[in-house]
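The values are calculated or read from the model by the stated rules, or taken from the named source; none is laboratory data. Note that this is a predicted model, so its numbers are computed, not measured. Note: ideal-geometry Cβ built from the backbone for every residue, glycine included; neighbour counts use all protein chains shown. To get the accessible areas, we keep the full protein, side chains included, count just its heavy atoms, and leave off ligands, DNA and RNA. Shrake-Rupley method; radii C 1.70, N 1.55, O 1.52, S 1.80 Å.
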Amino acid sequence: MLTWKTVPADATVVAPDERLSWPRTIGIGAQHVVAMFGATFLVPVLTGFPPSTTLLFSGIGTIAFLVITGNKLPSYLGSSFAVIAPVTGAVAAHGTGSALGGLIVLGLVLIAIGAVVHFVGTHWIDVILPPIVTGAIVALIGFNLAPAAKDNFEKGPVVGLITLVLMVAVLAFFRGLVGRLAIFLAVVVGYLIALAQGDVDTSAIASAAWIGFPEFHAPSFNLSVLPLFLPAVIALIAENIGHVKSVSQMTGRDLDPITGKALMADGVATVLAGAGGGSATTTYAENIGVMAATRIYSTAAYWVAAIAAILLSLCPKVGAVISAIPPGVLGGATVVLYGLVGILGVRIWLTANVDFSKPINQMTAAIPLIIGIANFTWQVGDLIFTGIALGSIAALAIYHGMRLLTAARDLKAD
């Protein structure tokens, strides 16, 4: 598995089973680390998880992903934004352990779905979760987080606005790799400005050791938080399948047969993270962007990136620096990032050419979005259903309910 055909430095395209010289491969791997870093460390900061622990399991998860997919699918597994709301809700209700338990269940469900996809294919997913439903659920997950972005932004509006404007400006002005690093660059500049203004507490940074193990947490299982996590499965499925198709198009290889393994691998990585205190993982569009810019698809670079992430996690000083990011900077970044999660749902609709002149599509999108954005809640005994869970249930119930009613009407007419 760990063998690659060496190609010359002037190769136009480097395939997954090929690599450049090791010095150049290490350089490409470093680019992947930088590309994933901005989004990956924001998730633990926003949820209160230790950043170093998340980095560790991000690297371990990526290695597990490469092994399970037979080293054929170049992808990096970074932190998933789809779990921010459920993790935050679980931590507030029953503590960190319950959130980690929820992540483990999330990963197990993803493994089970991946196994079915591996043997049966993805058609059944399209039947149960057509694009109108998937898009609505992914969109409401992002838009549901809007109040969290607002709260952080208001704690440092000036530096938040600078971070926000800089992120947009970098995306607009720069192409290729630099544009893909907009999140990372904007957060770094915002961080430095806040540091110059004295708005960063550096005491924890000064006292942190240079070498040491990250902080681990044990999971616990609480039935009441599980409804918070299950909608995130749909987002992870959509992301994984979409990314497999993107990589397949870029590399010119048929990767559909390993879609199920990719889902299972992401589930395994999420289970491992939940077992030790890390964040749920997902394949990263940022790293796919690096491949698009460089046309280097070598999985060897991802092994380098994974090992680099693990090594960074063993430096508590790095974790302390990340944890000290001011709320205003986070607010500026998450206004963009949470919005992009929502727009990902809209993109699913556009890609599938969803016809919004049809009432079934109108209702399937409209009602769940309002439920998710307003964050409706409903408690049944110990179970608490928040806006994301209720919106997801509504999307499924409305779509399939209207289909059944339409079929019954047409049958009666005949």
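Helix by helix, which DSSP H runs in the chain go 20 Å or more along their axis at the Cα atoms and have an average Kyte-Doolittle hydropathy of 1.6 or more? Don't skip to the answer; put the middle values down first.
Working: long enough: 22-47 (37 Å, 1.07); 51-68 (25 Å, 1.69); 96-120 (36 Å, 2.20); 157-173 (23 Å, 2.72); 182-196 (21 Å, 2.75); 226-251 (38 Å, 1.07); 259-276 (26 Å, 0.92); 299-313 (21 Å, 1.86); 327-351 (34 Å, 1.55); 359-374 (22 Å, 1.39); 387-413 (38 Å, 0.87).
Membrane-span-like by this rule: 51-68, 96-120, 157-173, 182-196, 299-313.
Would you please give the residues with an amide H less than 5 Å from that of Thr6, counting only those at least 5 places away or on a separate chain, with H modeled from the backbone geometry?
The list, which skips near neighbours in sequence, is Arg19.
Would you mind checking the pairs Lys150/Lys245; Lys358/Lys412; Lys150/Lys358 and listing those with alpha carbons more than 24 angstrom apart?
Details: Lys150/Lys245 34 Å; Lys358/Lys412 21 Å; Lys150/Lys358 34 Å.
From Lys150/Lys245; Lys358/Lys412; Lys150/Lys358, over 24 Å: Lys150/Lys245; Lys150/Lys358.
Mind listing the long-range amide H neighbours of Gly277? Cut-off is under 5 Å, sequence gap 5 or more, other chains count too, H placed in the peptide plane at 1.01 Å from N.
Those qualifying (amide H under 5 Å, at least 5 residues apart or on another chain) are His217.
Placing +1 at every Lys and Arg Cβ and -1 at every Asp and Glu Cβ, with all other atoms neutral, what dipole size does the chain have around its Cα centre, in debye to the nearest 20?
Numbers: 18 positive and 18 negative charges, 102 e Å.
Roughly 500 debye, rounded to the nearest 20.
How large is the Kirkwood hydrodynamic radius of segment 83-192, counting all unique pairs of alpha carbons, in Å? Before the final figure, lay out each step's value.
Numbers: mean 1/r = 0.0574 Å⁻¹.
Evaluated on segment 83-192, it is 17.4 Å.
Keeping all protein chains in position, work out how much accessible area Val116 exposes to a 1.4 Å probe, and write it in Å² to the nearest 10.
60
How big, in percent, is the set of alpha carbon pairs in segment 1-157 lying more than 28 Å apart?
Values: 4715 of 12246 pairs.
Value for segment 1-157: 39 percent of Cα pairs lie more than 28 Å apart.
Rounded to a whole number, what % of the accessible area of the chain do carbon and sulfur atoms account for, probe 1.4 Å? Don't skip to the answer; put the middle values down first.
Numbers: 12040 of 17650 Å².
Whole-percent figure for carbon plus sulfur exposure: 68.
Could you report the accessible area of Thr251 in Å², rounded to 10, computed with a 1.4 Å probe on the protein chains as they sit in the structure?
30
What is the sum of charges, Lys and Arg at +1 and Asp and Glu at -1, for the other residues whose Cβ falls under 12 Å from the Cβ of Thr134? Kindly include the intermediate steps, with their values, before the conclusion.
On the way: positive: Arg347; negative: Asp126, Glu239.
Once all neighbours under 12 Å are counted, the net charge is -1.
List the chymotrypsin sites (Phe, Trp or Tyr not before Pro) in segment 306-367 that DSSP assigns to loop (not H, G, I, E or B) and whose Cβ has at most 14 other Cβ atoms within 10 Å. Which are they? The partial results should precede the final answer.
Numbers: sites: Tyr338, Trp349, Phe356; in loops: Phe356.
For chymotrypsin sites (Phe, Trp or Tyr not before Pro) across segment 306-367 that sit outside H, G, I, E and B with at most 14 neighbouring Cβ atoms in 10 Å, the list reads Phe356.
Protein chains only, probe 1.4 Å: how do Trp210, Trp22, Trp4 rank by accessible area, largest first? All intermediate terms of the calculation are to be shown ahead of the outcome.
Numbers: Trp210 175, Trp22 105, Trp4 40 Å².
Solvent-accessible surface, decreasing: Trp210, Trp22, Trp4.
Solvent-accessible area per residue for segment 160-278 at a 1.4 Å probe radius, Å²?
Numbers: 5800 Å² over 119 residues.
Each residue of segment 160-278 exposes 49 Å² on average to a 1.4 Å probe.
Take the alpha carbon atoms of segment 95-134, find their center, do the same for segment 364-412, and report the distance between the two centers in whole angstrom.
Using only Cα atoms, the two centres lie 19 Å from each other.
Under a straight-distance cross-link criterion of Cα-Cα below 21 Å, which lysines are reachable from Lys5, leaving out those fewer than 8 residues away in the same chain?
Output for Lys5: Lys72.
Would you list, by chain and number, the aspartates and glutamates whose Cα falls below 12 Å from the Cα of Lys261, excluding same-chain residues fewer than 8 positions away?
Cα-Cα hits under 12 Å: none found.
Tell me what the chain gives for mean residue ellipticity at 222 nm when only DSSP H runs of n ≥ 4 count, each as -39,500 (n - 2.57), the sum divided by the residue total, rounded to 500 deg cm²/dmol. Let's see the in-between values first.
Details: 19 runs with 295 residues, N = 414.
After summing the helix terms and dividing by residue count, I get -23500 deg cm²/dmol.
If DNA, RNA and ligands are ignored and the probe is 1.4 Å, what is the ranking of Leu330, Leu195, Leu396 by accessible area, most exposed first? Present the calculation step by step, with values, prior to reporting the outcome.
On the way: Leu330 10, Leu195 75, Leu396 55 Å².
So, going from the largest accessible area down, we get Leu195, Leu396, Leu330.
What shape does segment 190-300 take by its C-alpha gyration tensor, where a ≥ b ≥ c are the square roots of the eigenvalues and a/c under 1.5 counts as rounded, a/b above b/c as prolate, and the rest as oblate? Write down the numbers at each step before the final one.
Numbers: a/c = 2.26, a/b = 1.35, b/c = 1.67.
Judged from the Cα gyration tensor, segment 190-300 comes out oblate (a/c at least 1.5, b/c at or above a/b).
By accessible area of protein heavy atoms, probe 1.4 Å, what ranking do His94, His400 get, highest first? Let's see the in-between values first.
Working: His94 95, His400 55 Å².
Accessible-area ranking of His94, His400, largest first: His94, His400.
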